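Asker: Structure in structure tokens, see below.
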Amino acid sequence: MLRNKVRRGYTLSIATGTIILAFIFLSGVAAAQGTTWHVLAGGQTPDMALQGLGFYPGVITINEGDTINWTLGGDEPHTVSFLSGGPVPSPDSPEVLLPVGGSVYNGTGHVSSGLMLPGTSYSLNFLKPGVYTYQCLIHPGMGGIVIVQSAGSPYLFTQEQYATQGKQELQMDLDAGQQLVENLSLTSAPGPNGTTVWQAAADIPLPTNANVLLTPQNNSSVTGSATLNFTGPGILQVQVKVSGLAPNSVHPEHIHAGTCEAGGGITFPLNNLTAGADGTATSTTTINGPPWLAVLSRGWFINVHQGPTMSGSGATSISCGDVVKHDSAYMRFTPGTLKIHTGDTVTWTQTNPMEIHTVTFPVPGQPVPEFILPDLSVNPVAAAPAGGSIYNGTGFFNSGILQPGQNYTLLFTKPGTYDYVCLIHDNMGMTGKVEVQPVTTPNVTRTPIGPPTSIPEFPSVVLPVSAVLGLIAFLLYRRRE
């Protein structure tokens, strides 16, 4: 009844990913046209509950003429997309899901793997030295960096060392996710007529903000910090605070693409820093981007320059910090099993700004509608809300696609045990159960468990329709196996 179909033989876990990372260095050998390197897109725990939403390693340095091969480190699909400083494709653009640009990259144009499914890989040959950022277009903020040196340059690390770095970075992302999981709790509040309103979670409340430490560069003594915080859909506020400046001096600053060590071009200009008499300065800049704008987990750095302009030595960096986020997803409902009474209400909130989910109660004994029809169009029965808000154990009830911060509420009127799923991630174990018990003591108010909690807000990301379609395509791929 529940579509929790896991493809046996292809459940990549941390252990499997570790084996891949530990041994693929054997194939990272010099070929006639360069060396082939290996990077994982995503990763997961053995039970697939936690998904690392990063590239592992996040930063890799190669030589001109070398090739990188990306493979999935988990069951979640991804893309590997180089935008060359261009905007993220619009939600209805086929570039999001389809391969674009071929198998070579010279630092210009849009080059992308398209949607990567389990068992597939993507290789790209790099023809020109430079610092290049890339991202997954269906998980806003999932980013990585490729630094290409001139041909013949000494390599910084071996493939085995990169594999070790990737393993460590994946573990940090999963650990950060696990901490959020451990903070999840079932909360409730009194409802009408002695009933209870329960708050359940889909996924984890992944932070959208980032904190950056700025350290001195080029023998300066300038230190500071920066915060990146979303105040609305696509509205990013960046605040920078520094000390150690010359009194009354002026300093340009920017968000760059790349790393402090390797450098990189300007992505977003920030307002100038103007020092006071004590040598401290603060600036606040608001960046207005598309609704799906997100802080990259790897690929940005904040750079404060000598100034007062960017001419000549004024462009010299005096303080810098790499932006690093530890992103993950939790393919579970919390709680997995919820025991309530007739008349109670349950509200599920989709809490992850990098994901989409559904809360779906199938009709017992009947097939769950597919997301897409034979002509590959989206099935409105599966993708849209259905059934209303009062559930008596019969019929098809569906939240439809839950974007970050959205919720779904059902009032349960009949005793019974009811199974539900996320139609997108049920193969990873994202299923739940509601056990509805009859009220045995009339006119007695039940004491709710825990204090009510506010619904988290996620103003930073509105996943494009293309992300939905990508996951739909992924689901179809699994169903047809």
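The values are calculated or read from the model by the stated rules, or taken from the named source; none is laboratory data. The shown structure was predicted, so the numbers you read here are calculated from the model rather than taken from an experiment. All Cβ positions, glycine included, derive from the backbone under ideal geometry; neighbour counts span all protein chains shown.
Asker: In the stretch 323-337, how many residues are more than 17 Å from the chain's Cα centre (by Cα) and surrounded by 22 or more Cβ atoms within 10 Å (Cβ to Cβ)?
Answerer: Qualifying residue count for the region: 1.
Asker: Same structure, new question: Return yes or no: is residue 144 assigned to a loop (DSSP other than H, G, I, E, B), within 25 Å of residue 34 (Cα to Cα) and not hydrophobic (A, V, I, L, M, F, W, C)?
Answerer: In short, no.
Asker: With the stretch 295-337 as the region, which strands (runs of 3 or more DSSP E) entirely inside it contain at least 2 residues that are closer than 15 Å to residue 222 by Cβ and not aromatic (Phe, Trp, Tyr)?
Answerer: Strands (runs of 3 or more DSSP E) meeting the threshold: 300-305, 317-323.
Asker: Let me ask another. Being of a type in the set (A, V, I, L, M, F, W, C), in the same structural domain as residue 201 (by TED's automatic domain parsing) and more than 22 Å from the chain's Cα centre (by Cα) is true for just one of 424, 390. Which residue is that?
Answerer: 390
Asker: Consider only pairs whose beta carbons are under 8 Å apart and that are at least six residues apart or on different chains; among these, list those whose first residue lies in the stretch 311-325 and is not assigned by TED's automatic domain parsing to the domain that holds residue 219 and whose second residue is modelled with pLDDT of 95 or more and among the acidic types (Asp, Glu).
Answerer: Short answer, once both residue conditions are applied: none.
Asker: Still on this structure, I have one more. Give the residues of the stretch 96-112 that are part of a loop (DSSP other than H, G, I, E, B) and over 24 Å from residue 291 (Cβ atoms), sorted by residue number.
Answerer: Listed by number, the residues that qualify are 99, 101, 102, 103, 106, 107, 108, 109.
Asker: Of all residues in the stretch 102-115 being touching a helix residue (DSSP H, G or I) at 6+ places or on another chain (Cβ under 9 Å) and not aliphatic (A, V, I, L, M), which is surrounded by the most Cβ atoms within 10 Å (Cβ to Cβ)?
Answerer: Result: 112.
Asker: Can I ask one more? Could you run through the stretch 409-439 and say how many residues are in a loop (DSSP other than H, G, I, E, B) and not small (Gly, Ala, Ser)?
Answerer: 10
Asker: May I ask you to list the residues in the stretch 243-290 that are touching a residue at least 24 places away in the same chain (Cβ under 8 Å), closer than 30 Å to residue 60 by Cα and β-branched (Val, Ile, Thr)?
Answerer: 255, 259, 267, 287 - these are the residues of the stretch 243-290 that are touching a residue at least 24 places away in the same chain (Cβ under 8 Å), closer than 30 Å to residue 60 by Cα and β-branched (Val, Ile, Thr).
Asker: Name the residue, out of 195, 227, that is closer than 29 Å to residue 286 by Cβ and at pLDDT 95 or above.
Answerer: None of the other options fit; the residue is 227.
Asker: Pick from 154, 118, 87: which is part of a loop (DSSP other than H, G, I, E, B), buried (at least 17 other Cβ atoms within 10 Å of the Cβ) and either free of Cβ contacts under 8 Å to residues at least 12 places away in the same chain or not β-branched (Val, Ile, Thr) (or both)?
Answerer: 118
Asker: Would a scan of the stretch 125-139 turn up a residue that is closer than 18 Å to residue 72 by Cα, part of a strand (DSSP E or B) and within 26 Å of the chain's Cα centre (by Cα)?
Answerer: Yes.
Asker: Can you pull out the residues in the stretch 197-222 that are among the β-branched types (Val, Ile, Thr) and either in contact with a helix residue (DSSP H, G or I) (Cβ under 9 Å, 6 or more places away or on another chain) or over 16 Å from residue 337 (Cα atoms) (or both)?
Answerer: Correct list: 204, 208, 212, 215, 222.
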